Amino acid sequence: MRFCEILGQEDVKRQLCRSVQEGRIAHAQLFTGMSGVGKLALALAYAQYVACPHRTDSDSCGVCSSCMQYQKLQHPDLHFAFPIVKGDGGDVCDDFVDKWREMVLESSYFNGDDWSAKMGAETKQAMIYEKESSEILKKLSLKSFGNGYKVMIIWQAEKMNVSCANKLLKLLEEPPHKTLFLLISEHPDQLLSTILSRTQEVRVPRLSEEQIIDAL
């Protein structure tokens, strides 16, 4: 995902690019805003921008090997956590990652109901379970590819259960070297206050009607 592919949000894009150019990459950032404003798209574009060796002032190059891997969501340093419904499909996010990639590549502008339908679990409550925190720690403990940043994107971070959130808090307090946490939430008030205090908020505003009309 490149910034130029994202609808609107020019101020947020400039803010994110400037943080990289000035060497001020906060290790834990929280993208907040209502559904449909592009939080996940911005997080993906930002991660790709951080990893791109040929980035410009405003975007990743889109053609290097790192960008190509990011655009397929298959870069070895890019990891995801998201709500799941445990059962026959599995009990950690990696068991659902193929469906997740399909969903994101179709369009990063989807909501929780869309994702539940993709999992075939429309009537069940999806959650990020305690076991996922161990998976996150294991992934981030690995050596990074090419000595770059290891990125963990946690979509709908407010869906972490308390045990998972508490274990993640320890990682946020003492993160592995060159680790970037990008949490995404529509309801940050439902996150632990200790997690909120350890993240840098990136507020993603509502799109204007004109921007939506132009896109459509």
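The values are calculated or read from the model by the stated rules, or taken from the named source; none is laboratory data. If you're wondering where the values come from, they're calculated on a predicted model, not measured in any experiment. Quick reminder, even Gly has a Cβ in these numbers, built from the backbone with ideal geometry, and neighbours come from all protein chains shown. Side chains are part of the model used for accessible areas, which takes the heavy atoms of the whole protein and leaves out ligands, DNA and RNA. Shrake-Rupley method; radii C 1.70, N 1.55, O 1.52, S 1.80 Å.
How about segment 167-180: which of its residues are assigned to a helix (DSSP H, G or I) and open to solvent by 70 Å² or more (accessible area, probe 1.4 Å)? Give the steps one after another, and end with the answer.
Step one: list which residues in segment 167-180 are assigned to a helix (DSSP H, G or I), which gives 167-173.
K167, K170, E173 - these are the residues of segment 167-180 that are assigned to a helix (DSSP H, G or I) and open to solvent by 70 Å² or more (accessible area, probe 1.4 Å).
Of all residues in segment 62-74, those that are surrounded by 17 or more Cβ atoms within 10 Å (Cβ to Cβ) and either assigned to a loop (DSSP other than H, G, I, E, B) or touching a Pro at 6+ places or on another chain (Cβ under 6 Å) (or both) total 2.
Any chance you could count how many residues in segment 17-56 are among the hydrophobic types (A, V, I, L, M, F, W, C), in a loop (DSSP other than H, G, I, E, B) and open to solvent by less than 10 Å² (accessible area, probe 1.4 Å)?
Here is the first cut: in segment 17-56, the ones among the hydrophobic types (A, V, I, L, M, F, W, C) are 17, 20, 25-26, 28, 30-31, 34, 37, 40-45, 47, 50-52.
Then keep just the ones that are in a loop (DSSP other than H, G, I, E, B); that gives 25-26, 34, 37, 52.
Next cut, open to solvent by less than 10 Å² (accessible area, probe 1.4 Å) only: 37, 52.
Qualifying residue count for the region: 2.
Restricting attention to segment 188-200, the residues that are open to solvent by less than 80 Å² (accessible area, probe 1.4 Å), over 16 Å from Y129 (Cα atoms) and not polar (S, T, N, Q) total 3.
Only one residue in L44, L7 is hydrophobic (A, V, I, L, M, F, W, C) and touching a Ser or Thr at 6+ places or on another chain (Cβ under 8 Å). Which one?
Details: L7 fails: touching a Ser or Thr at 6+ places or on another chain (Cβ under 8 Å).
On inspection, the qualifying residue turns out to be L44.
Residues that are free of Cβ contacts under 8 Å to residues at least 24 places away in the same chain, open to solvent by 60 Å² or more (accessible area, probe 1.4 Å) and farther than 26 Å from K178 by Cβ, at least 1 per element: which helices (runs of 4 or more DSSP H) completely within segment 87-162 meet that? Give the steps one after another, and end with the answer.
Details: elements: 97-106, 112-119, 130-141.
The helices (runs of 4 or more DSSP H) meeting that bar are 97-106, 112-119.
Exactly one residue out of D77, D59, D11 is surrounded by 15 or more Cβ atoms within 10 Å (Cβ to Cβ) and more than 30 Å from V162 (Cβ to Cβ), and it is D59.
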